[in-house]
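The values are calculated or read from the model by the stated rules, or taken from the named source; none is laboratory data. Small disclaimer: the values here were computed from a predicted structure and weren't measured. Reconstructed Cβ throughout: ideal geometry from the backbone, glycine too, with neighbour counts over all protein chains shown.
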Amino acid sequence: MDLNDTPELAEYRARVRSWLEEHAAQAPVLRGDDAIRDEHEAVAAHREWQRKLAEAGLAAVTWPAEYGGQGLGPLHQVVINQEIGRAGVPGLFDFIGVGMLGPTIIAHGDEEQKQRHLGPMLAADEVWCQLFSEPAAGSDLAGVQTRARRDDGGWLLSGQKVWTTNAQHAAFGLLLARTDADRPKHKGLTMFIVPMDAEGVSVRPLRQISGAAHFNEVFFDDVLLPAGSEIGPVDGGWGVAMTTLMFERVAIGLGGEGFGWRADRFASALVGDEDAIRDAEVRHRFGEIASEFLALRFLGYRTLTTLQQGRVPGPEAALAKVTTIRAAIAAGELICDALGPEALADDRFGELVSDMPGLKSAGGTEEILRSMVGERVLGLPPEPRLDKGVAFSELRARERAEVAS
Amino acid sequence: MNFALSDEQEFLRDAARGALGRVATVEAAREALDGAALPDLWPTAVEAGWPGLLVSEDRGGAGLGAIEAMLVFAELGRVLASVPLLGHLPATLLLDGADTVAALAGGDRRAAFVPARPSDWTTDPREGLRRAPAPVLDSGALTGEVAWVPDAPGADVLVVVCADGRVAVTEEAEVDPVRRYDATRSLGHVRFDGAPATELDGADAAAAWHLAQGLLAAESLGAVEVALEASVAYAKQRFTFGRAIGSYQAVKHELVEILRRLENARSLMFYAGWAAQDRPAELALAAAAFRTVAGGAIDHATRVLISVHGGIGATWEHDAPLYFRRAQLSRRLLGGTTGASAVVADELFREARAA
């Protein structure tokens with residue numbers, strides 16, 4: 001058991017820390033009383049900050065050097081995440097692009113696509129969004145209904161995506177569409193690069209319980225995509241999507257515990273109230289929830305050890321997400337029980353209370369994650385499936401008939 | 001950074017599993033409920049070097065740490081083995097400076113830790129909620145009572161935490177052996193009536209308490225592993241309505257919940273082991289968090305073990321009731337899991353106030 005850096009990593013950490021100390025004053029303030037109020041101004045400042053991080057070699061450290069990365073390992077990324085957290089400055093604006101979509105393009109794109117897109121993505125000159133989920137395809141992602149039809153050498157795109165972070169700021173999106181509905185659902189999908197300023201693309205913000213709009217709906221109304229917009233093979237989009245989701249798992253594994261709701265931050269939310277922290281029920285509930293947050297931190301170190309050994313974290317890493325949401329929901333409950341109705345409207349806790357019910361379904365619902373872990377880790381038999389080997393068009397017809405009957 | 005077990009630690013764990021596998025401990029646990037004597041596993045423990053695990057090498061021990069001791073306890077917990085190490089190991093931690101420890105390390109003599117809670121040096125009440133004062137040491141004589149002391153019956157030496165946090169060693173006590181609910185757990189109500197005792201200078205009574213918390217939690221973790229393995233195996237072979245019951249989400253998700261709690265507990269066991277070695281100031285928090293999560297895990301896991309097996313799981317035909325009894329008693333010893341969660345709160349509130 002050793003949580004110390006290797007000498008090489010310690011030296012790297014020192015360099016990262018000194019750069020951040022030197023440049024922290026240039027970082028935008030995005031939270032708290034001094035936060036930039038105007039959203040456009042805040043986004044512009046955040047993008048500028050990403051450019052600075054990228055120029056200093058602190059963005060995309062795991063990308064190969066030829067595409068603007070540093071060719072380093074996941075532990076270097078962890079060091080950066082930790083030092084950014086310690087310095088109290090924002091991280092990347094386009095963490096979805098740099099963390100998940102860029103690596104997908106590196107893995108599956110052609111050289112022209114890589115040369116065209118990766119540089120501007122890294123510098124936040126062009127923001128990206130992930131266009132996977134649909135109103136009727138989330139956990140069962142291979143059920144996407146957005147269609148791309150061959151048209152005059154290119155593609156004609158129509159359909160709808162949802163839960164799209166940063167769509168309103170994005171220059172491009174990575175989109176999973178159905179290109180052949182007469183094949184079984186996983187086999188007729190293709191991944192595309194979609195310019196978000198193309199004619200027929202419209203973005204509508206989705207407000208959440210808290211009132212904020214972190215996500216969007218995106219509509220595609222006969223959008224014309226030029227030939228060569230595909231990433232990876234036509235009808236081979238499922239494999240490309242799996243790559244993206246693998247990078248999502250790694251990104252989550254490298255992230256902090258509990259959406260930043262660490263045990264110590266949870267304690268500081270209550271410590272101002274002497275009666276609360278002397279109350280036996282509060283102490284008991286707090287102790288149970290805080291123990292889960294602590295477990296997350298040390299589970300994280302185990303995951304990092306796996307990464308350090310050159311292995312990709314398995315599906316069991318999904319359980320960290322389940323614990324995170326459970327503990328965060330319970331923490332919000334306890335804070336509001338202890339501090340009263342004012343806490344519901346308090347900016348510090350409101351997000352914790354209001355965002356968690358939705359986040360329970362984000363990145364895989366709790367139920368789908370539990371099924372996946374049960375089948376792949378515990379080796380339990382799968383649920384019987386009614387969609388195996390059935391053409392997607394046939395499947396949809398059956399669904400419509402069943403609803404109608 | 002390396003937050004995984006070393007090859008040596010894995011070897012120690014595998015060796016413990018091998019040694020314990022030679023005795024039918026679970027069957028013995030069932031027979032003990034009907035009054036049969038338990039097999040004496042002390043020779044097995046001595047052969048494996050467990051009594052001296054925490055004693056330094058120059059005093060005849062193995063010089064290992066809390067993580068190794070917890071790994072052994074997880075193995076004991078897997079098979080419900082009754083070995084009086086929960087009393088012995090924390091006692092040897094406190095006695096490591098003394099000349100008498102060599103006989104304890106070699107297993108020729110056996111010690112028991114008579115615990116008191118570090119925050120106020122109180123002991124578990126014999127019944128009810130009001131905690132009892134720890135014994136008092138006055139002019140070399142020890143007076144007082146402590147209930148539910150692990151492994152006190154048959155111990156040659158008692159290492160006693162006193163009401164002022166000092167530690168005293170005595171060989172004279174009135175021990176009333178008690179076995180309640182879990183026949184594999186040897187407990188004693190201990191009484192000192194002016195017993196001649198020597199003070200152990202500079203002994204860290206709190207560290208011994210935290211170690212005991214970690215050992216009990218690790219023992220629970222082992223039982224959770226077995227409850228999960230047995231439940232998963234059964235869920236794959238038992239069919240209803242033409243499907244293995246493990247294919248139903250209602251069953252599958254409960255089994256995954258065992259795994260989730262198990263891996264959280266294991267992460268905190270590593271935390272406690274690391275803190276004992278590298279960050280003693282965090283040991284109270286780490287051990288209490290481990291105890292909290294492991295206590296919840298064993299309660300949940302043994303209940304699911306019963307329900308997955310259907311009616312038979314609630315009968316003596318099955319092993320599940322033995323693990324359930326283990327869970328329910330363990331969760332209420334040494335300050336209880338509720339007490340452990342309060343320690344987590346107190347430690348974190350104290351840090352937050354200081355920040």
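Numerical summary
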read-out	value
Unmet criterion (only one of (1) buried (at least 18 other Cβ atoms within 10 Å of the Cβ); (2) in a helix (DSSP H, G or I)) for A:GLY239	(1)
Entirely in the stretch B:54-136, the helices (runs of 4 or more DSSP H) that have 2 or more residues that are among the small types (Gly, Ala, Ser) and more than 13 Å from the chain's Cα centre (by Cα)	B:101-105
Selection count, the stretch B:256-285, where residues are touching a residue at least 40 places away in the same chain (Cβ under 8 Å), more than 7 Å from every other protein chain (Cβ to nearest Cβ) and small (Gly, Ala, Ser)	4
Enumerated strands (runs of 3 or more DSSP E) restricted to the stretch A:88-191, each holding at least 1 residues that are small (Gly, Ala, Ser), surrounded by fewer than 24 Cβ atoms within 10 Å (Cβ to Cβ) and touching a residue at least 40 places away in the same chain (Cβ under 8 Å)	A:154-162, A:170-178
Any hit, the stretch B:217-239, residues being away from chain A (no Cβ under 14 Å) and either over 20 Å from B:PRO321 (Cβ atoms) or basic (Lys, Arg) (or both)	yes
Residue match in the stretch B:211-222 (condition: touching a residue at least 40 places away in the same chain (Cβ under 8 Å) and either over 19 Å from the mean Cα position of the chain (by Cα) or not in a helix (DSSP H, G or I) (or both))	no
Residue match in the stretch A:360-368 (condition: within 30 Å of B:VAL232 (Cα to Cα), of a type in the set (Lys, Arg), away from chain B (no Cβ under 11 Å) and in contact with a helix residue (DSSP H, G or I) (Cβ under 7 Å, 6 or more places away or on another chain))	yes
Residue, surrounded by the fewest Cβ atoms within 10 Å (Cβ to Cβ), within the stretch B:44-84, restricted to residues that are within 12 Å of B:GLY106 (Cβ to Cβ) and not aliphatic (A, V, I, L, M)	B:GLU47
Residues that are buried (at least 19 other Cβ atoms within 10 Å of the Cβ) and either within 11 Å of chain B (Cβ to nearest Cβ) or within 27 Å of the chain's Cα centre (by Cα) (or both), drawn from the stretch A:373-397	A:VAL373, A:GLY374, A:LEU378, A:LEU380
Subset of the stretch B:303-337 [assigned to a helix (DSSP H, G or I), crowded, with 17+ Cβ neighbours inside 10 Å, within 14 Å of chain A (Cβ to nearest Cβ) and under 16 Å from the mean Cα position of the chain (by Cα)]	B:THR337
Selection status of B:ALA98, at pLDDT 95 or above, surrounded by fewer than 24 Cβ atoms within 10 Å (Cβ to Cβ) and of a type in the set (A, V, I, L, M)	no
Check on B:ALA342, within 14 Å of another protein chain (Cβ to nearest Cβ) and either more than 13 Å from the chain's Cα centre (by Cα) or part of a helix (DSSP H, G or I) (or both)	yes
Near pairs, Cβ below 8 angstrom, 6+ apart or cross-chain, from the stretch A:283-308 (facing chain B (nearest Cβ under 7 Å) and closer than 10 Å to A:ALA320 by Cβ) to any residue that is among the β-branched types (Val, Ile, Thr) and buried (at least 23 other Cβ atoms within 10 Å of the Cβ)	A:ALA295/B:VAL293
Test result for B:VAL190, in contact (Cβ under 8 Å) with a residue 24 or more places away in the chain and in a strand (DSSP E or B)	yes
Search result, residues across the stretch A:159-186 that are closer than 30 Å to A:VAL43 by Cα and out of contact with any strand residue (DSSP E or B) (no Cβ under 8 Å at 6 or more places or on another chain)	none
Search result, residues across the stretch A:355-405 that are touching a strand residue (DSSP E or B) at 6+ places or on another chain (Cβ under 6 Å) and modelled with pLDDT under 95	A:GLY389
Residue tally, condition basic (Lys, Arg) and either part of a loop (DSSP other than H, G, I, E, B) or not assigned by TED's automatic domain parsing to the domain that holds A:ILE325 (or both), over the stretch A:256-305	1
Count - residues of the stretch B:205-227 that are among the aliphatic types (A, V, I, L, M) and surrounded by fewer than 22 Cβ atoms within 10 Å (Cβ to Cβ)	3
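Rundown of residues vs (1) outside any loop (DSSP other than H, G, I, E, B); (2) away from chain B (no Cβ under 14 Å); (3) surrounded by 16 or more Cβ atoms within 10 Å (Cβ to Cβ), yes/no style:
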site	(1), (2), (3)
A:GLU8	yes, no, no
A:ARG15	yes, yes, no
A:TRP19	yes, yes, yes
A:ALA25	yes, yes, no
A:LEU30	no, yes, yes
A:ASP33	no, yes, no
A:ARG37	no, yes, no
A:VAL43	yes, yes, yes
A:TRP63	no, yes, yes
